[in-house]
Amino acid sequence: MVTQLKAKQNNVTQSQVLQYDSYLSNVKSQISECRTIFETIQNKNRERSWLRHKSTGDLDETKLTNAVLGESTIWKQRGIDPFAAEQNLNAMKKIRVQLMIDLSASMYRFNDVDGRLDREIESVLMFIESFASFEQKFSYGISGHSGDGPDTVLIEFGKPPRTVGEKLKVVSSMRRLAEYSSSGDYTLESIGKGIEAVKREEGTRYFVFVLSDANLGRYGIEVSEIRNAMNGGVNGSEAKDVEVHVLFIASRGGEAEQLKEGLPPGRGHVCLEVEQLPSLLKMILSSNVMAAL
């Protein structure tokens, strides 16, 4: 009954609802942890102040005359003024986050082996659900890179998917793009495009998270080129103040570890067990956003 109602509300089939819930069930705890952190960040901008004209609380010294006249709203309380808090949040610039995901042919080809594309889909949904309702403090975009190009936009900044149907369209696009991707690698260019996207509007902090299956040696990509891209050396990207992280997925032969060692400390990450991808992305995202405060 619940599934049927949810399907009707979101204009999708019951099987689509079950599919979506199945994805979310695997990242439920990660979403909860991220949302707790993001709520803490957002609440930092809601300062407590004296709320006047209350019928209980501490006596408001500015209303002594009113007390003599018998008025009842002569008290004050410490709390959050919802109107002022809303104005404060709306006036603030946002933390801007760009996620660049790997939609190369190998992600689809090896999915039956280790489930890497499924885990990436879960990671994207974790990303979407974690930021939901925190748009006053955060703004994010998600794009894919593959042999067909460095920047296939899946979610634009300021236009997050709201309904189950919209979110499943993102999932469907990810599968389709990976399945029919040409051979090739645009990881370097993707880093540059991520920097461009996150700096398109002014924010308080800027983060770019890039996922790659680390099959870079096949295309002759050196770690020095990745470092250069992270510093804005691709497409003339303005990398000042942008914190770029690269997460290497499911590498064979230790290539990912070698790449990580050649990157700036704390900016390269390795996920050899793909089932840990959502948890690792959650840790990188939440820890670095918190550290930025």
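Net charge dipole, segment 113-185: roughly 280 debye, given to the nearest 20, about the Cα centre with Cβ charges of +1 for Lys and Arg and -1 for Asp and Glu. Within segment 173-222, the chymotrypsin sites (Phe, Trp or Tyr not before Pro) that combine a DSSP coil assignment with at most 14 other C-beta atoms in a 10 angstrom radius are 180. A 1.4 Å probe, protein heavy atoms only, puts the accessible area of residue 269 near 30 Å². Summing Cβ point charges (Lys, Arg +1; Asp, Glu -1) relative to the Cα centre of segment 157-244 gives a dipole of roughly 460 debye. Assuming R0 = 45 Å, what is the FRET efficiency of residue 5 and residue 257, from their Cβ-Cβ distance, to the nearest 0.05? Plugging the Cβ-Cβ distance into 1/(1 + (r/R0)^6) gives 0.40.
The amide H of residue 144, built 1.01 Å from its N in the peptide plane, has 101, 152, 153, 154 as neighbours under 5 Å, considering only residues 5 or more places off or on other chains. All distinct Cα pairs of segment 164-288 go into the 1/r average, and the inverse of that average, the Kirkwood radius, is 15.5 Å. When the residues 119, 162, 227, 109 are ordered by accessible surface, computed with a 1.4 Å probe over the protein chains alone, the sequence from largest down reads 162, 109, 227, 119. With a simple spin-label model that places each label point 7 Å from the Cα along the Cα-to-Cβ direction, the separation between residue 201 and residue 275 comes to 4.0 nm.
The values are calculated or read from the model by the stated rules, or taken from the named source; none is laboratory data. Nothing here was measured: the structure is a model prediction, and the numbers come from that model. Cβ coordinates were reconstructed from backbone atoms using ideal geometry, including for glycine residues, and neighbour counts include every protein chain displayed. Side chains are part of the model used for accessible areas, which takes the heavy atoms of the whole protein and leaves out ligands, DNA and RNA. Shrake-Rupley method; radii C 1.70, N 1.55, O 1.52, S 1.80 Å.
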